[in-house]
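Please read the structure below before turning to the comments.
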Amino acid sequence: LRTVEVPWPAIDDVDGRYGLRLRTAYGPVTAWAAGAPAGRERARGEQSRAAREVSERLDALRAAGHLDDPRLERPALRTTWHRGLVAAFAVLGAATVVLPLVG
(Lines give C-alpha, C1' and ligand atoms only; values in the text may rest on other atoms or scores of the structure.)
Protein backbone atom coordinates (compact mmCIF):
# COMPACT_ATOMS: atom_id res chain seq x y z
CA LEU A 1 0.00 0.00 0.00
CA ARG A 2 2.95 2.32 0.50
CA THR A 3 6.67 2.62 -0.14
CA VAL A 4 9.02 3.84 2.58
CA GLU A 5 12.48 4.96 1.47
CA VAL A 6 15.09 4.21 4.14
CA PRO A 7 18.59 5.58 3.45
CA TRP A 8 21.43 3.15 4.28
CA PRO A 9 23.06 5.48 6.86
CA ALA A 10 19.83 5.49 8.89
CA ILE A 11 19.77 1.70 9.46
CA ASP A 12 21.03 0.64 12.90
CA ASP A 13 19.91 -3.01 13.00
CA VAL A 14 18.10 -5.62 10.90
CA ASP A 15 15.76 -8.25 12.34
CA GLY A 16 14.39 -11.00 10.14
CA ARG A 17 12.81 -13.45 12.52
CA TYR A 18 9.24 -12.57 11.49
CA GLY A 19 9.80 -10.98 8.09
CA LEU A 20 11.86 -7.80 7.84
CA ARG A 21 12.11 -5.16 10.56
CA LEU A 22 14.62 -2.34 10.41
CA ARG A 23 15.64 -0.37 13.45
CA THR A 24 16.53 3.07 12.13
CA ALA A 25 17.45 6.50 13.42
CA TYR A 26 13.86 7.46 12.48
CA GLY A 27 12.29 4.58 14.42
CA PRO A 28 11.29 1.03 13.49
CA VAL A 29 10.25 0.17 9.92
CA THR A 30 8.50 -3.11 9.14
CA ALA A 31 8.17 -4.58 5.65
CA TRP A 32 5.00 -6.67 5.79
CA ALA A 33 5.48 -8.03 2.27
CA ALA A 34 8.84 -9.62 3.11
CA GLY A 35 8.46 -13.33 3.72
CA ALA A 36 9.20 -14.75 7.15
CA PRO A 37 11.27 -17.90 7.71
CA ALA A 38 9.37 -21.17 8.14
CA GLY A 39 8.71 -22.57 11.61
CA ARG A 40 11.83 -24.73 11.92
CA GLU A 41 14.06 -22.03 10.49
CA ARG A 42 12.58 -19.49 12.92
CA ALA A 43 13.01 -21.94 15.83
CA ARG A 44 16.72 -22.24 14.94
CA GLY A 45 16.98 -18.44 14.98
CA GLU A 46 17.48 -18.06 11.22
CA GLN A 47 16.69 -14.78 9.51
CA SER A 48 14.36 -14.25 6.55
CA ARG A 49 15.92 -14.11 3.10
CA ALA A 50 15.15 -10.37 2.83
CA ALA A 51 16.80 -9.69 6.19
CA ARG A 52 19.90 -11.67 5.20
CA GLU A 53 20.25 -9.71 1.96
CA VAL A 54 19.80 -6.34 3.68
CA SER A 55 22.28 -7.34 6.41
CA GLU A 56 24.86 -8.48 3.85
CA ARG A 57 24.55 -5.24 1.88
CA LEU A 58 24.72 -3.15 5.06
CA ASP A 59 27.84 -5.05 6.21
CA ALA A 60 29.46 -4.56 2.79
CA LEU A 61 28.78 -0.81 2.87
CA ARG A 62 30.21 -0.58 6.41
CA ALA A 63 33.28 -2.65 5.48
CA ALA A 64 33.93 -0.42 2.46
CA GLY A 65 33.83 2.63 4.73
CA HIS A 66 30.77 4.22 3.14
CA LEU A 67 28.97 4.46 6.48
CA ASP A 68 31.87 5.61 8.66
CA ASP A 69 30.38 9.08 9.08
CA PRO A 70 26.63 8.54 8.61
CA ARG A 71 24.54 11.64 7.95
CA LEU A 72 20.79 11.66 7.65
CA GLU A 73 19.53 13.23 4.43
CA ARG A 74 16.16 14.48 5.71
CA PRO A 75 14.31 14.96 9.00
CA ALA A 76 11.85 12.09 8.32
CA LEU A 77 11.52 9.03 6.12
CA ARG A 78 9.98 9.58 2.69
CA THR A 79 6.70 7.67 2.44
CA THR A 80 4.70 7.33 -0.78
CA TRP A 81 1.14 6.02 -0.56
CA HIS A 82 -0.13 4.12 -3.62
CA ARG A 83 -3.51 5.84 -3.79
CA GLY A 84 -4.75 3.90 -6.81
CA LEU A 85 -4.15 0.59 -5.08
CA VAL A 86 -5.76 1.79 -1.84
CA ALA A 87 -8.79 3.02 -3.80
CA ALA A 88 -9.05 -0.30 -5.65
CA PHE A 89 -9.03 -2.21 -2.35
CA ALA A 90 -11.70 0.11 -0.96
CA VAL A 91 -13.95 -0.41 -4.01
CA LEU A 92 -13.48 -4.19 -3.97
CA GLY A 93 -14.13 -4.29 -0.22
CA ALA A 94 -17.34 -2.30 -0.62
CA ALA A 95 -18.41 -4.51 -3.53
CA THR A 96 -17.81 -7.61 -1.41
CA VAL A 97 -20.25 -6.28 1.19
CA VAL A 98 -22.86 -4.69 -1.09
CA LEU A 99 -23.18 -7.17 -3.99
CA PRO A 100 -24.37 -10.15 -1.91
CA LEU A 101 -27.07 -7.92 -0.41
CA VAL A 102 -28.27 -6.75 -3.84
CA GLY A 103 -28.24 -10.11 -5.60
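The values are calculated or read from the model by the stated rules, or taken from the named source; none is laboratory data. As the structure is a computational prediction, the values presented were derived from the model and not from experiment. Reconstructed Cβ throughout: ideal geometry from the backbone, glycine too, with neighbour counts over all protein chains shown. Accessible surface areas use protein heavy atoms only, side chains included; no ligands, DNA or RNA. Shrake-Rupley method; radii C 1.70, N 1.55, O 1.52, S 1.80 Å.
General remarks:
- Rounded accessible area per residue of the chain, 1.4 Å, Å²: 74
- Spherically averaged projected area in nm², based on the convex hull that wraps the Cα atoms of the range 1-80: 5.6
- Cα centroids of the range 10-42 and the range 49-103: 12 Å apart.
- Carbon/sulfur fraction of accessible area - the chain, other protein chains in place, 1.4 Å, %: 55
- Extension gain for Ala87-Leu1 works out to 30.0 nm (0.36 nm per residue, less the C-alpha to C-alpha distance).
- Nearest-ten-degree value, helix 49-63 long axis tilted from longest Cα axis of the chain: 30
- Secondary-structure-derived ellipticity at 222 nm for the chain, considering helices only, amounts to -12500 deg cm²/dmol, per-run term -39500 (n - 2.57) for DSSP H runs with n ≥ 4.
- Radius ratio Rg over Rh of the range 35-75, counting only Cα atoms, Kirkwood formula for Rh: 1.18
- Structure remark: mean-square fluctuation, Gaussian network model of the chain, C-alpha springs under 10 Å; the largest value among Val86, Val29, Val14 belongs to Val86.
- Pairwise FRET efficiency - Ala95 versus Asp15, Cβ, R0 = 35 Å, nearest 0.05: 0.40
- Degrees separating the helix 83-102 axis from the principal Cα axis of the chain, which is the longest one: 30
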